[in-house]
Amino acid sequence: MSQGADGRDPGFLDDLALDGEVSRGTSDRGTHAGSYDTAPDDEVLPDAVVFPESTADVSAVLAAADDRGVAVTPYAAGTSLESHVTPVEGGISLDLTRMDRVVDVRPDDLTVDVEPGVVGDDLNERVARHGLTFPPLPSSGAISTVGGMIATDASGMGTVKYGEVGDWVRALEVVLADGTVIETGTMAAKTSSGYNLTDLLVGSEGTLGVVTRATLELAGIPEQVRGGRAVFPTLDDATAAVRDAVTSGVDVAKIELMDADAAAVANDYSGTEMPERPMAFVEFHADHGVEEEVAFCRAVFAAHDVESFEVDEGDGMDDLWTARRDITYAADEWREGASMGHPGDVTVPIGAYPEMIRAVKDVAAEYDLFVPAFGHAGDGNLHYFAVYDHDDPDESTRAERAYEDLIGRALELDGTVTGEHGIGKGKREFLRREHGDAVDAMRAVKDALDPNGTLNPGTTFPEE
């Protein structure tokens, strides 16, 4: 772990009249040196951590830092999988978790105003009192914040029906790099007025501004929920069944794929007794007619030699959904002396999903690696990772080559290098490979809104 890159103590913070706290303690700086996935050698200590409690605090800190050339790295819950919050230039880690109020719930408008530090599950618990829910929560909703979700345009298991977090953002209050506070979007359900700055800021990974309040759309809690698990004889059967269910128009809220390797990892960690075979997990949401959708899905799966398809009213699936969510934790316990490598997060058009799955298993065999595959199959999003000994140079090299080969295959299939984790610091080298000259347009936007490079330096853009 390195010290702050410039070694400067931003002493000007002591002169600001903040409601929040400024910390230079070793413990606070250490916990803000990286995120969930950051390797110890890549961690960088910020020179100070600021815990703002208001938009005014954020504005004051950014204005002063921007004027003095001090980097500011926005920080939420630190659950990033692409090292978004590593303060590579030291400076200030701006921890927004104390701005955690659900400001206003408006059931008649199906909207809610929240601060960025609100945890996803806490938001849903609050709005459930009104019979409402925020449907696009990612799988990490129990530990991740709204601010982080907006910054990465997060998504999760329900994307096939509900879309991404960004699809549910109506309006934002944002502090720009120089401390200017702007409001984007509208409380109305639609607008054609001006540039869509809201969509520009969603997914910008803390490089264009700091969200201090968001207006989110809500939906009614569905009256009917059914969950099921289908087991298939081969991985090709499973992926083809998922593709056909989506393209046939089955109204499914979640449709997750798990290969035999992922099932074995999950069983070992979670104590479940799932068959170690290719499986699809499904969930249906409706206010009426849910059984018709289950029957439709059953017919589609039957055309692909499904061996079993068990469905219940949802609660019976809780342990299995938990096992699915815990796969990334399970990987580090799978093999002694080994742990999960860089997590794959590619997304391809749904028609190419079976081919992408086959590519993962072919590459795993080519490099002699154990690579479980699973993911949000309904929207073409695939997760995978090699489990290997990071102290073994040969195995590490093979794992890195496999990772890069699969990124390349996804792009060949007209896909994207990241479906929901974001670019961060981990995938910067692939940005131009995917977007070409459009990266220059992105840089122009960044330079216009943050000419001094104050916000989250080292993130998103490749070193060129």
*State whether the residues of the range 419-428 include one that is in contact with a strand residue (DSSP E or B) (Cβ under 7 Å, 6 or more places away or on another chain) and either free of Cβ contacts under 8 Å to residues at least 24 places away in the same chain or not acidic (Asp, Glu) (or both).*
yes
*asked:* Filter the range 428-459 down to the residues that are assigned to a loop (DSSP other than H, G, I, E, B) and either at pLDDT below 95 or more than 19 Å from Val85 (Cα to Cα) (or both) and list them by number.
replied: Gly436, Asp437, Pro451, Gly458, Thr459
*Filtered residues of the range 321-350 (kept if crowded, with 16+ Cβ neighbours inside 10 Å and part of a loop (DSSP other than H, G, I, E, B))*: Asp326, Ala338, Gly341, His342, Pro343, Val348
*For Val174, are the conditions met, namely being at pLDDT below 95, outside the structural domain of Val85 (by TED's automatic domain parsing) and not in a loop (DSSP other than H, G, I, E, B)?*
no
*Residue check: is Ala364 more than 30 Å from Ser396 (Cα to Cα), modelled with pLDDT of 95 or more and touching a helix residue (DSSP H, G or I) at 6+ places or on another chain (Cβ under 9 Å)?*
no
*Quick one: is Tyr353 at pLDDT 85 or above, buried (at least 23 other Cβ atoms within 10 Å of the Cβ) and of a type in the set (Ser, Thr, Tyr)?*
yes
*Residues (of a type outside the set (Asp, Glu), crowded, with 16+ Cβ neighbours inside 10 Å and in a strand (DSSP E or B)) located in the range 182-218*: Thr184, Gly185, Val210, Val211, Thr212, Arg213, Ala214, Thr215, Leu216
*Return yes when Thr159 is within 26 Å of Glu223 (Cα to Cα), among the hydroxyl-bearing types (Ser, Thr, Tyr) and touching a residue at least 40 places away in the same chain (Cβ under 8 Å) and no when it is not.*
yes
_If the requirement is being among the aliphatic types (A, V, I, L, M), surrounded by fewer than 19 Cβ atoms within 10 Å (Cβ to Cβ), in the same structural domain as Ala230 (by TED's automatic domain parsing) and in contact (Cβ under 8 Å) with a residue 12 or more places away in the chain, which of these qualifies: Ala280, Ala299, Ala286?_
Ala286
*For the range 204-232, how many residues meet the condition of being touching a Gly at 6+ places or on another chain (Cβ under 7 Å) and under 30 Å from Pro275 (Cβ atoms)?*
3
*Working carefully through the options Ala365, Ala377, Ala359, find the one that is touching a Phe, Trp or Tyr at 6+ places or on another chain (Cβ under 8 Å), in the same structural domain as Ala260 (by TED's automatic domain parsing) and not acidic (Asp, Glu).*
Ala377
*Looking at the range 159-181, is at least one residue within 30 Å of Ile327 (Cβ to Cβ) and loosely packed, with under 15 Cβ neighbours inside 10 Å?*
yes
*Any residue in the range 118-131 that's in contact (Cβ under 8 Å) with a residue 40 or more places away in the chain: show its pairings with residues that are surrounded by 16 or more Cβ atoms within 10 Å (Cβ to Cβ) and of a type in the set (Asp, Glu) at Cβ separation under 8 Å, as long as the two are six or more apart or on different chains.*
Val119/Asp100
*In the list Val175, Val146, Val165, Val169, which residue meets the criterion of being among the β-branched types (Val, Ile, Thr) and farther than 26 Å from Pro107 by Cβ?*
Val175
_With free of Cβ contacts under 8 Å to residues at least 24 places away in the same chain and not in a strand (DSSP E or B) as the only criterion, which of Asp368, Asp318, Asp305 stands out?_
Asp318
*Filter the range 126-143 for residues that are in contact with a helix residue (DSSP H, G or I) (Cβ under 7 Å, 6 or more places away or on another chain) and of a type in the set (A, V, I, L, M); which is modelled with the lowest pLDDT?*
Ala142
_Some residue of the range 180-191 being closer than 23 Å to Ala441 by Cβ, of a type in the set (A, V, I, L, M, F, W, C) and either free of Cβ contacts under 8 Å to residues at least 60 places away in the same chain or touching a Phe, Trp or Tyr at 6+ places or on another chain (Cβ under 9 Å) (or both)_ = yes
*How many of the residues making up the range 110-133 are in contact with a strand residue (DSSP E or B) (Cβ under 7 Å, 6 or more places away or on another chain), outside any strand (DSSP E or B) and charged (D, E, K, R)?*
2
*Could you tell me whether any residue of the range 391-401 is free of Cβ contacts under 8 Å to residues at least 60 places away in the same chain and either under 30 Å from Val174 (Cβ atoms) or assigned by TED's automatic domain parsing to the domain that holds Val72 (or both)?*
no
*Between residues in the range 445-458 that are under 14 Å from Gly90 (Cβ atoms) and residues that are basic (Lys, Arg) and assigned to a loop (DSSP other than H, G, I, E, B), which pairs lie under 8 Å by C-beta distance while being six or more apart or on different chains?*
Gly458/Lys425
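The values are calculated or read from the model by the stated rules, or taken from the named source; none is laboratory data. Treat the numbers as computed from the prediction; the structure is a model and nothing was measured. Virtual Cβ from ideal backbone geometry, glycine too; neighbours counted across all protein chains shown.
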